[in-house]
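*Asks:* Right, I'll just put the structure down here and ask away after.
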Amino acid sequence: MNTLRIFGLATVAAASLTLLGGYAAAQTPPAPAATPIPAPVMPPSLPANHVADIMTSKDAAAFGIQWKALDAKIVEVPAITTAQPDYKTTYDIAPHAGEAGFDDSSWPLIKAEELATRRSGGHVGFVWYRTGITLPAMIGDLNTTGLKVVLHVLVDDYAEVWVNGQMPRRAGYPSPATIQGFNLPNRVMLTESAKPGERFQIAIFGINGPISVAPNNAVWFREAKLEFYK
């Protein structure tokens, strides 16, 4: 076999491999993109046009709210893959009840007024609260269409707020909403243009604190409101 023929066969083989590689790559589905974390939106600071107290059964019922609560636990888990060799295990919380699709069907229901009940055994304690919120077409004589809607909660001592399986946040910036400090309100913009019938899944992670002090109190709500702005 002469040199030209060998070169020609090698060229054909290389081209075939290139085509096959391209075909295989085309058949391989791309890796799913990570869901981006939504940035928090600054809620209005003006007085609201209407405020609903969802720590009362009357106002909670107007939005189809059925609160559920369950203690979260600290659990031991394997260390992350990039940890130093000395670290074999670390800690996490369970359950991860803020995530989309989380099943809380076995959780006990609590009345809206029972948000003020002290929960956890004190010291280092964590409690999940969950509910759905459905926007009605009218609140009294106020048409909700197009309104800004803000969830306002104040948990003693800290809270992290999840909306529809996401916790809006932006690292390195003061959060106006989902992550706040010691006994400060969380004011989370649910929508900037309300649609009657729109539903939001809310999960609130209540934290006793300061954690390094391990206080002799528990987790409870000081406030839970929905604010409406034209």
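*Asks:* Which one is surrounded by the fewest Cβ atoms within 10 Å (Cβ to Cβ), of the residues in region 124-143 that are polar (S, T, N, Q) and in contact (Cβ under 8 Å) with a residue 12 or more places away in the chain?
*Replies:* Of all residues in region 124-143, those polar (S, T, N, Q) come to 131, 134, 143.
Checking the rest, the ones that are also in contact (Cβ under 8 Å) with a residue 12 or more places away in the chain come to 131, 134.
Details: T131: 24, T134: 13.
Restricting to residues being polar (S, T, N, Q) and in contact (Cβ under 8 Å) with a residue 12 or more places away in the chain, the top hit is T134.
*Asks:* Right, next: Can you tell me which residue in region 177-194 is nearest to G122 (Cα to Cα), limited to those that are within 19 Å of the chain's Cα centre (by Cα) and buried (at least 20 other Cβ atoms within 10 Å of the Cβ)? Working first, answer last.
*Replies:* If we filter region 177-194 for residues that are within 19 Å of the chain's Cα centre (by Cα), which is where we start, we get 177-181, 184-192.
Adding the requirement that they be buried (at least 20 other Cβ atoms within 10 Å of the Cβ) leaves 177-178, 180, 186-190.
Values: A177: 25, T178: 23, Q180: 20, N186: 22, R187: 25, V188: 27, M189: 30, L190: 31 Å.
Looking at the filtered set, the residue picked out is Q180.
*Asks:* Right, something else. What strands (runs of 3 or more DSSP E), lying completely within region 29-122, carry at least 3 residues that are within 19 Å of the chain's Cα centre (by Cα) and in contact (Cβ under 8 Å) with a residue 12 or more places away in the chain?
*Replies:* Numbers: elements: 50-53, 67-78, 89-94.
Correct list: 67-78, 89-94.
*Asks:* Now for a different question. Quick one: D141 ticks every box in (1) at pLDDT 95 or above; (2) under 30 Å from S193 (Cα atoms) except a single one, so which number is it?
*Replies:* (1)
*Asks:* Across region 132-176, which residue is nearest to the chain's Cα centre (by Cα) among those that are among the basic types (K, R) and farther than 24 Å from D104 by Cβ? Walk me through it before giving the result.
*Replies:* Here is the first cut: in region 132-176, the residues among the basic types (K, R) are 148, 169-170.
After this cut, where a residue has to be farther than 24 Å from D104 by Cβ as well, the list is 148, 170.
On the way: K148: 20, R170: 13 Å.
Filtering region 132-176 for residues that are among the basic types (K, R) and farther than 24 Å from D104 by Cβ, the one nearest to the chain's Cα centre (by Cα) comes out as R170.
*Asks:* Right, something else. Quick one: how many residues across region 123-133 are outside any strand (DSSP E or B) and β-branched (V, I, T)? Lay out the reasoning, then the answer.
*Replies:* Looking only at region 123-133, we keep the residues that are outside any strand (DSSP E or B), and these are 123-125.
With β-branched (V, I, T) added as a condition, the list becomes 124.
Going through region 123-133 one residue at a time, the tally reaches 1.
*Asks:* What are the residues in region 134-167 that are within 12 Å of I204 (Cβ to Cβ) and outside any strand (DSSP E or B), if any?
*Replies:* Within region 134-167, just M167 meets the criteria.
*Asks:* Between a residue in region 207-230 that is β-branched (V, I, T) and any residue that is part of a loop (DSSP other than H, G, I, E, B) and crowded, with 18+ Cβ neighbours inside 10 Å, which pairs come within a Cβ distance under 8 Å, given they are 6 or more apart or on different chains?
*Replies:* I207/G125; I207/D157; V219/S120; V219/G125; V219/D157; V219/N208
Condition check ((1) assigned by TED's automatic domain parsing to the domain that holds I93; (2) under 24 Å from E99 (Cβ atoms); (3) crowded, with 17+ Cβ neighbours inside 10 Å) across all residues:
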| position | (1), (2), (3) |
| --- | --- |
| P196 | yes, no, no |
| R199 | yes, yes, no |
| G206 | yes, yes, yes |
| P210 | yes, no, no |
| A214 | yes, no, no |
| A218 | yes, no, yes |
| E223 | yes, no, no |
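*Asks:* Still on this structure, I have one more. Restricting to region 184-213, what's the tally of residues that are assigned to a loop (DSSP other than H, G, I, E, B), under 28 Å from K230 (Cα atoms) and of a type outside the set (G, A, S)? Can you show your working first?
*Replies:* Going residue by residue through region 184-213, those that are assigned to a loop (DSSP other than H, G, I, E, B) are 184-185, 192-198, 208-213.
Imposing the further condition that a residue be under 28 Å from K230 (Cα atoms) reduces the set to 184-185, 192-198.
Then keep just the ones that are of a type outside the set (G, A, S); that gives 184-185, 192, 195-196, 198.
Going through region 184-213 one residue at a time, the tally reaches 6.
*Asks:* Residue check: is A94 touching a Lys or Arg at 6+ places or on another chain (Cβ under 8 Å), modelled with pLDDT under 95 and under 24 Å from I179 (Cβ atoms)? I'd like the intermediate steps shown before the answer.
*Replies:* On the way: touching a Lys or Arg at 6+ places or on another chain (Cβ under 8 Å): yes; modelled with pLDDT under 95: no; under 24 Å from I179 (Cβ atoms): yes.
Criteria not met by A94.
*Asks:* Let me ask another. Pick from G146, G121: which is on the phi > 0 side of the Ramachandran plot and surrounded by fewer than 18 Cβ atoms within 10 Å (Cβ to Cβ)?
*Replies:* Details: G121 fails: on the phi > 0 side of the Ramachandran plot.
The unique qualifying residue is G146.
The values are calculated or read from the model by the stated rules, or taken from the named source; none is laboratory data. Treat the numbers as computed from the prediction; the structure is a model and nothing was measured. Note: ideal-geometry Cβ built from the backbone for every residue, glycine included; neighbour counts use all protein chains shown.
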